[in-house]
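The values are calculated or read from the model by the stated rules, or taken from the named source; none is laboratory data. As the structure is a computational prediction, the values presented were derived from the model and not from experiment. Every residue, glycine among them, receives a Cβ derived from its backbone with ideal geometry; neighbour counts consider all protein chains shown.
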Amino acid sequence: MNPSYKLEAFEGPLDLLLTLIEKNKINIYDIPISEITEQYLEYVSSMETDDMEYMSDFIVEAATLIRIKSKMMLPVPEVNEDGEGIDPRAELVERLLEYKMYKYISGQLKDRQMDASKYLFKPSTIPDEVLNYKEEIDVKELLEDVTLTKLKDIFNDLVKKKEDRIDPVRSKFGKIVKEDADIRKTIYDLQAFGLMNRKFSFRAYMERLNTKMEMIVSFLAILELIRMERIRIEQDDLFCDIQIDYLANDIAPIEDLSLS
């Protein structure tokens with residue numbers, strides 16, 4: 001299949017060779033010299049220019065490619081002083097890599113030149129009092145003896161002082177949260193439960209509650225209702241469950257409760 005490409009103005013023969021290598025997706029370290037030479041000569045023969053100085057560079061490179069191609073066709077390859085085979089393409093590869101590096105650098109410099117054209121400069125407008133300001137403390141002199149080791153020691157000292165300020169006992173305490181408890185409302189709810197159930201287990205009633213505070217307040221409410229003679233408690237034996245009997249036939253309103 002014959003290669004098809006658009007004729008362009010290349011900066012030189014190496015630029016043309018790099019373009020052919022990239023278009024054909026060829027490994028630059030393993031150039032198929034016969035194929036590249038054929039494409040290179042086809043392009044050179046298509047060039048239309050009267051500038052012989054420009055054309056001479058391409059013709060010299062064509063001769064170099066043909067020479068490399070002929071060396072690779074020899075039955076016995078050239079060897080160096082160590083007896084190792086010399087790749088005729090090595091010098092060409094080295095030149096292409098060097099040219100590619102300079103081409104990349106020139107592109108970077110061109111981009112920077114274009115970016116530089118976007119910057120605008122203006123005369124300095126810094127006030128004289130700011131321009132002539134001198135620090136009272138010479139920072140360089142102040143930090144002259146400071147080293148990384150000293151900074152590390154200072155940091156460790158600050159961390160130790162912070163740790164020393166932490167109480168090893170109280171720092172591990174949990175958060176104390178104030179729980180709202182309404183003894184009057186608890187007495188009212190206990191009466192409503194007693195009026196509905198009449199006789200119930202103290203343990204079963206306590207298991208309905210969620211927090212220790214609710215249990216404590218409920219226990220106080222039971223004591224208060226015993227004092228008011230609205231409930232009676234019974235226990236068959238020591239450590240047995242307590243049975244609560246609700247004696248009243250109504251519920252004392254919250255506003256009528258006077259706790260002593």
Yes or no: the range 91-114 includes at least one residue that is of a type in the set (V, I, T) and touching a residue at least 12 places away in the same chain (Cβ under 8 Å).
yes
Kindly indicate whether any position in the range 79-98 is in contact with a Leu (Cβ under 9 Å, 6 or more places away or on another chain), surrounded by 10 or more Cβ atoms within 10 Å (Cβ to Cβ) and among the basic types (K, R).
yes
In the range 95-145, how many residues are of a type in the set (G, A, S) and under 30 Å from L14 (Cα atoms)?
3
What residue, of P88, P75, is part of a loop (DSSP other than H, G, I, E, B) and touching a helix residue (DSSP H, G or I) at 6+ places or on another chain (Cβ under 7 Å)?
P88
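Suppose we filter the range 229-244 for residues that are assigned to a loop (DSSP other than H, G, I, E, B) and loosely packed, with under 14 Cβ neighbours inside 10 Å; how many remain? Spell out how you get there, then give the answer.
Restricting attention to the range 229-244, the residues satisfying the condition of being assigned to a loop (DSSP other than H, G, I, E, B) are 229-230, 235-242.
So of that shortlist, the ones also loosely packed, with under 14 Cβ neighbours inside 10 Å come out as 229, 235-241.
Number of matching residues: 8.
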Selection count, the range 191-224, where residues are aliphatic (A, V, I, L, M) and in contact (Cβ under 8 Å) with a residue 40 or more places away in the chain:
2
With (1) surrounded by 10 or more Cβ atoms within 10 Å (Cβ to Cβ); (2) closer than 27 Å to T37 by Cβ as the list, and K110 as the residue in question, which single condition is left unmet?
(2)
I26 fails exactly one of the following numbered conditions: (1) in contact (Cβ under 8 Å) with a residue 24 or more places away in the chain; (2) within 22 Å of M101 (Cβ to Cβ); (3) surrounded by fewer than 15 Cβ atoms within 10 Å (Cβ to Cβ). What is the number of that condition?
(1)
Tally time: how many residues in the range 137-194 are in contact with a helix residue (DSSP H, G or I) (Cβ under 9 Å, 6 or more places away or on another chain), acidic (D, E) and at pLDDT 75 or above?
2
Note on the range 193-219: residues surrounded by 11 or more Cβ atoms within 10 Å (Cβ to Cβ) and over 18 Å from I251 (Cβ atoms) are S201, F202, R203, A204, M206, L209, M213, E214, M215, I216, F219
Yes or no: the range 70-88 includes at least one residue that is touching a residue at least 24 places away in the same chain (Cβ under 8 Å), under 26 Å from P13 (Cα atoms) and over 52 Å from the mean Cα position of the chain (by Cα).
yes
For the structure I just gave you, tell me whether N210 is at pLDDT 85 or above and out of contact with any strand residue (DSSP E or B) (no Cβ under 7 Å at 6 or more places or on another chain).
no
